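The values are calculated or read from the model by the stated rules, or taken from the named source; none is laboratory data. Source: prediction; values computed, not measured. Quick reminder, even Gly has a Cβ in these numbers, built from the backbone with ideal geometry, and neighbours come from all protein chains shown. Areas reflect the complete protein model, heavy atoms only, side chains present, ligands, DNA and RNA absent. Shrake-Rupley method; radii C 1.70, N 1.55, O 1.52, S 1.80 Å.
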Amino acid sequence: MIFPQMLLDLHCELIVDLFAGGGGASLGIEMATGRMVDIAINHDPAAVAMHKANHPQTRHLLSDVFEADPREVTQGRPVGLLWASPDCTHHSKARGGKPLRDRARRTRALAWVVTRWAGTVRPRVIILENVEEFADWGPLVGPPDRLRPCPRRKGRTFRQWVRSLERHGYEVQWRELRACDYGAPTIRKRLFVIARCDGRPIIWPEPTHGPGRRFPYRTAVECIDWPLPMLSIFASPEEAREWARVHGVGVPVRPLAEATLRRIARGVVRFVLENPEPFIVGVAGNGGQLVAAYLQSYYGAENRQDLREPLRTIPTRDRFGLVTVTIAGQPYVITDIAMRMLTPRELYRAQGFPDSYIIDRGADGRRLTKTEQVRMVGNSVCPQVAAALVRANVPEMIARDEVRVPMRRKRAMATA
């Protein structure tokens, strides 16, 4: 039996994951190097519990990243790779035009912790992930309860942050990358910053998926559990309660809001009635019936999408619904329209996580709520992108086959 985690004591350089969350970046690093990250830091107990369940050989620190002293954390060992994914909430355009409150200043300033690590333990390579708007990071103006980014000083703080890394001897580059281009079934686009101080070149991996590339895009189709039961959008509240009792699930909201019904109607017209090639799947749980399906989202300007495309960016709250239209006979006759929200497992698949990844409980056995699961997948890094960046920039940290110690040999050595 191969036991890759035995490598932790054989590698001189540490791998540290700041703002570790549920573990998307750590999983990508493991996919690339064949070893678990050495240290993961996060202030959220639920996130640390999920991370611990999936990365048991990692040393976990439940701590505010500002309060974790890099020297104490690393205990004198050099850091080969520091990955950081600071909270993006108060940078993201997903907030719309909502004003910020004074406490947002601290959240927006989380990236400064990276320069603290650069100035104290000097990681050889630093990779940071955030929303695209992170490059617009600048001062806030207005009263404390209605702060807004200053339009005239957009990007000023980001440039100061970059210069601070450069003063510590780092070369710094940044680019926007889409997860679907590297093998995740979502179009999620994020800004990645790479900084290194070892004199080697920064390398941006070539996309591997998409038209004209080695592999086709992965799509939302493969993420859906098609046999899961669905309830008609026309059901009454009483019918919804009975349906939930029979299937042992939570009671779906019925009747749906007028705005939701209008979005569903527009989606049916676009993806079924006016589509020369609607996406049709036979569903065993639906009596074997040509069900035409599409995805309905509850944020952004474009609220519908074809299932044959990668899923739109996953937010931190329930915002995706699967809509199916039952069709019988020729020409097509719509006999019913059903809808359900995507499950956490479906969202994790779309983000690029394997089904073997534990998402519903922590290492201590505590069950994670659906809200916690969805929040963590919305905040997570797509593992495939992390893996591509790590392979390209720290190939020397990839575990060699000759140092992968078999478990039985380890036991023999321990008893010798």
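The table for this structure:
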read-out: Å² per residue, accessible surface of region 195-258 at 1.4 Å; value: 62
read-out: Environment charge at residue 233 (Cβ cut-off 13 Å; Lys +1, Arg +1, Asp -1, Glu -1); value: +1
read-out: Value in Å of the Kirkwood radius, where region 124-202 supplies the Cα pairs that are averaged; value: 14.3
read-out: Local net charge near residue 368, Cβ-Cβ under 14 Å (Lys/Arg +1, Asp/Glu -1); value: +3
read-out: Where a label projected 7 Å from the Cα of residue 198 along Cα→Cβ would reach, residues of region 55-77 with amide N under 16 Å; value: 77
read-out: Low-density loop positions, trypsin sites (Lys or Arg not before Pro), region 193-224 - DSSP coil, at most 15 other Cβ in 10 Å; value: 213, 214
read-out: Per-residue SASA entry for residue 225, accessible area with 1.4 Å probe, Å² rounded to 10; value: 50
